[in-house]
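The values are calculated or read from the model by the stated rules, or taken from the named source; none is laboratory data. Note that the structure is a prediction, hence the values are computed from the model and not measured. Quick reminder, even Gly has a Cβ in these numbers, built from the backbone with ideal geometry, and neighbours come from all protein chains shown. Heads up: the accessible areas ignore ligands, DNA and RNA and are worked out on the full protein's heavy atoms, side chains in. Shrake-Rupley method; radii C 1.70, N 1.55, O 1.52, S 1.80 Å.
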Amino acid sequence: MKRQLSVVLVLLALVAIIGTAQAQDPVTISYVMWDANQLPPYQECAVKFQEANPGIVVDVQQLGWDDYWTAITTGFVSGESPDVFTDHLAKYPEFATLEQIVDIQPLVERDGVATDIYYPGLADLWTRDGKRYGLPKDWDTVAIVYNTEAFERAGVDPAVLDDLTWNPDDGGSFGQVLAQLTLDANGNNALSPDFDKANVAQYGYASNGMGGPYGQTEWSWLSNTTGWSHNNGLWGNQYNYDDPRFIGTAQWLANLWLVQGVAQPLEEQTSLGRTALFQAGNVALIVDGSWMIGTYLASEFPVGFARLPQGPEGRRSMFNGLADSIYVGTPHLEESWAWVKFLGSRECQDIVGASGVVFPAIPDSAAISLQARLDAGIDISPFVDQANEEGGTFLFPITDFGGEINTIMVEAMDRVGLGEVQAADVMPDANAEVNALFQ
Amino acid sequence: MTVNASTRQTGFLSRILNTISNNEAILGLIFVLPSLIGFTAFFAVPAVRSIFISFTEWNLLRDPEWVGLANYQDIFADERFWRSLTITISYVLWNIPIQTVLAVIMALLMNRVSNSAIFRSIMILPWLMPNVIVASLFLWLLDPTLGIVNIVLDAVGIGKQGFFGLPDQAIATIAGVNIWRHMGYNAVLLFAGLKTIPTSLYEAATVDGANASTRFFRITLPLLRPVLAFVIITSVIGSFQIFDTIAVTTQGGPAGATRTIIFYIYQEVFERRISMGTATAASTVLFLILVTITLIQNRFFRSDRSDLAEYS
């Protein structure tokens, strides 16, 4: 009996030793992202990746946007940054300058990875002076999101959204429709002479504040239809915030609440945010990005999507994309690169596409995403049509000094939105301050 | 032999202990040692190091580079730095006078009406709550759309207020939040001060025909001075360093209206750029301001002396 027991004990000990030895074998790489909606498809990608690469374990984590960049930056300093992380165009130039993310161009060339399989322009956003800092994973455009019940209450047919026009002087038919959709407590819309601005029951529009330096969902889809652009191209060093076309756009936006009363005042927009205001049910129409589709579909009322209004030079949306970057301090460069390669591959992007949460960077995978939503009875084609339209998109204005530009422009734009100053009075100075950074 | 040795040892030990307990300087040093270790490791060394960093250009990731006074020139040329100082001072002016007057009134009420332990506990409750929780609590209470305060204000006809969302209300609102948080704690401190004033003084004054306000201004306030000085000096220092409430509620907005000096320092490293040099330069300036203000206050309050000594 005693001998049997000791044999069992020895065997158990052996199993334990072998067990730990095996558990220590695979390399674990950490991967972080900020969008909780995208966590499930990427976890699925990680499972597929681990099946193909038994020696690597991917630890997928998610951090909220507000903490995300602080965690990444402090991670650089302490050397504890995740091996691979989802990167943003407004942030990566600084990381590249600080030499904290890996230039993957030599690896791309060594392994013969095709970078032309993505939507045109997406891969180029992540290159500078022959160096490459990420492989594109997805893209986004903006489009109109509307509350069908609010349209019914205002007696407006959503079909009018197909042919709206806009200009910075009088807002065009888009401005008219926003006024028509705004109702006071007595049921008068904002076009009526009896409209009571102090007692609005339903707003035609909600913004997400003044949009700072980029205005991706706030104003760039208006300003950039006038022929204006943020700066002089990729890695530009000359910004155009003093241009009358931009000033006119910013002022038109602020006047929606300062003068016309068709949107909530700035302080109400910023406290809750556009999404919560819209989902509360008393906002008829907003413009938001394709990454928010899932959130809006969860509203308690039927939601529709429509094309942007046509500005003087047509319909235009910012074309923004995320990529995965590798931290220079990773002890597992090869494994991290294998994971980044997989994230940028057709196999993973098809999985992400099938979830319908975002549009993958590979056109065929994006088509799967559109189809997944269509199968569920939801038409999100306005976002895809915008991306496919000739000249329908412009790229995110990446440059250096992102943090400084943000500080200057958020302040200047908010002052306009609060009605403290006119855009024409503050933008020339703000623009001079921004351009001085590059000298 | 062994017995002898141990006796000698005990004798030796007790002699040392005796010397120590007879020497007040050594004894005092032993008592402050634990606190001195903390002070050196977490305050003195970082403070000196931060002054050194303020003369360098450093982004945390590369080696610091000596730049002399360039960081100081940089922040002195930055209008946002000067604006942040103005905003900080306006915050202190909203915060300290109201907070102190309310705390004195509450202390007097406790002294007169009730000094039960339950009452005192309730008064320091806001102070026991973490700042971040207090700030988010008020963020919800004062929300322009959903906040109960605005719903009530609207119902009674005053109309909704922007509070944190409007540049001309935001600093006063943040001051209000911190007044609420600190006045009870300060009141309890002042109440303890009130308890040290002999009642015989009041009785004598009443016999001499002094009315309530004379008694307050001639007896209570002068004799409360050391405690009052402590409360005001520590509150002013804390007030200049306001950060957490702002980080939770306004992040320095709207349009930079609540960017106080500490928030400016934070943005220099975490938002605007990664510039440890200018951030520590601004910290050094703030340090000098606080030292100056505290010296002036000390002189003004003569906080090291109590008038009570003259009566006893």
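List of remarks:
- Neighbour cut-off at most 10 other Cβ (10 Å), DSSP loop, GluC sites (Glu not before Pro), the range A:259-316: A:300
- When the Cα gyration tensor is reduced to axis lengths a ≥ b ≥ c, the ratio a/c is 1.5 or higher for the protein assembly as shown, and with a/b not above b/c it is classed as oblate.
- For chain A, the longest principal axis of the alpha carbon atoms and the long axis of helix A:346-355 meet at an angle near 50°.
- Inter-chain Cβ neighbour average for residues A:327-338, partner chain, 10 Å: 0
- Reachable lysines, given that their alpha-carbon falls under 18 Å from the alpha-carbon of residue A:197 and they are not under 8 places away in the same chain: B:160
- Looking at the protein assembly as shown alone, DSSP beta bridges between its own residues are antiparallel in about 65 percent of cases.
- Full-stretch length increase - residue B:127, residue B:41 - with 0.36 nm per residue and alpha-carbon distance subtracted: 28.3 nm
- Shape category assigned to the range B:77-167 from the gyration tensor of Cα positions, a/c cut at 1.5: oblate
- Mean separation of Cα contacts under 8 Å, 6 or more apart, over the residue count of chain B: relative contact order %: 26 percent
- For A:260-271, mean number of other protein chain Cβ atoms within 10 Å: 5
- Under the Karplus curve 6.51 cos²θ - 1.76 cosθ + 1.60, θ = phi - 60°, whole-Hz ³J(HN,Hα) for the range A:282-287, x wherever Gly or Pro sits: 9, 10, 7, 8, 9, 10
- Amide proton proximity set for residue A:288, modelled H, under 5 Å, gap of 5+: A:143, A:145
- The C-alpha atoms of chain A define a longest principal axis, and helix A:172-181 lies at about 90 degrees to it.
- Packing-based order for B:205-215, A:237-247, using average beta carbon neighbours within 10 Å, highest first: A:237-247, B:205-215
- For chain A, the longest principal axis of the alpha carbon atoms and the long axis of helix A:402-417 meet at an angle near 30°.
- Ratio Rg/Rh [Cα only; Rh per Kirkwood] for chain B: 1.09
- Total accessible area lost when B and A pair, probe 1.4 Å, Å² to nearest 100: 2000 Å²
- Accessible-area value, residue B:51, 1.4 Å probe, nucleic acids and ligands omitted, Å²: 70 Å²
- 10 °C / 1.306 mPa s Stokes-Einstein diffusion coefficient of the range A:28-108, Kirkwood radius on C-alpha pairs, µm²/s: 115 µm²/s
- Under the span-like rule (Cα at least 18 Å along the axis, Kyte-Doolittle mean at least -0.5), DSSP H helices of chain B: B:2-22, B:24-39, B:79-112, B:167-195, B:221-240, B:276-301
- Karplus (6.51, -1.76, 1.60) ³J(HN,Hα), θ = phi - 60°, over the range A:46-51, in Hz, Gly and Pro reported as x: 4, 4, 4, 5, 5, 4
- Candidate cross-link partners of residue A:91 among the lysines, defined by an alpha-carbon separation under 17 Å and a same-chain spacing of 8 or more, comprise A:131, A:137.
- Bridge orientation summary for chain A: considering DSSP beta bridges with both residues in this region, about 65 percent are antiparallel.
- Cα shape, the range B:66-224, gyration tensor, a/c 1.5 rule: oblate
- If R0 equals 51 Å, the separation of the Cβ atoms of residue A:198 and residue A:438 corresponds to a calculated FRET efficiency of about 0.65.
- If you wrap chain A in the convex hull of its Cα atoms and look at it from every side, the mean projected area works out to 26.3 nm².
- Residues whose placed amide H lies under 5 Å from that of residue A:135, excluding near-sequence neighbours: A:324
- Ellipsoid semi-axes in whole angstrom, largest first, where each is sqrt(5λ) of the Cα gyration tensor of the range B:166-312: 41, 18, 11
- Karplus-based coupling profile of the range A:336-344, in residue order and whole Hz: 5, 5, 4, 5, 4, 4, 5, 4, x, with θ = phi - 60° in 6.51 cos²θ - 1.76 cosθ + 1.60 and x standing for Gly or Pro.
- Area of residue A:364 that stays accessible when all protein chains are in place (1.4 Å probe, Å², to 10): 90 Å²
- Amide hydrogen proximity for residue B:57: with H placed 1.01 Å from N in the peptide plane, the residues at 5 or more positions away or on another chain lying under 5 Å are B:65, B:66, B:67.
- Within 10 Å of each Cβ in B:253-262, the average number of Cβ atoms from other chains: 5
- Of B:159, B:277, B:193, the residue with the greatest mean-square motion in the GNM of chain B, using alpha carbon springs below 10 Å, is B:159.
- GNM result for chain A, Cα springs below 10 Å: residue of A:54, A:302, A:120 fluctuating most strongly: A:54
- Which of B:75, A:378 is most accessible, then next, and so on - probe 1.4 Å: A:378, B:75
- Alpha carbon centroid spacing (whole Å) that separates the range A:129-208 from the range B:42-98: 45 Å
- In this label model, residue B:79 and residue A:116 are separated by 5.1 nm, measuring between points 7 Å along each Cα→Cβ vector.
- Per residue solvent-accessible surface (Å²) - the protein assembly as shown, probe of 1.4 Å: 47 Å²
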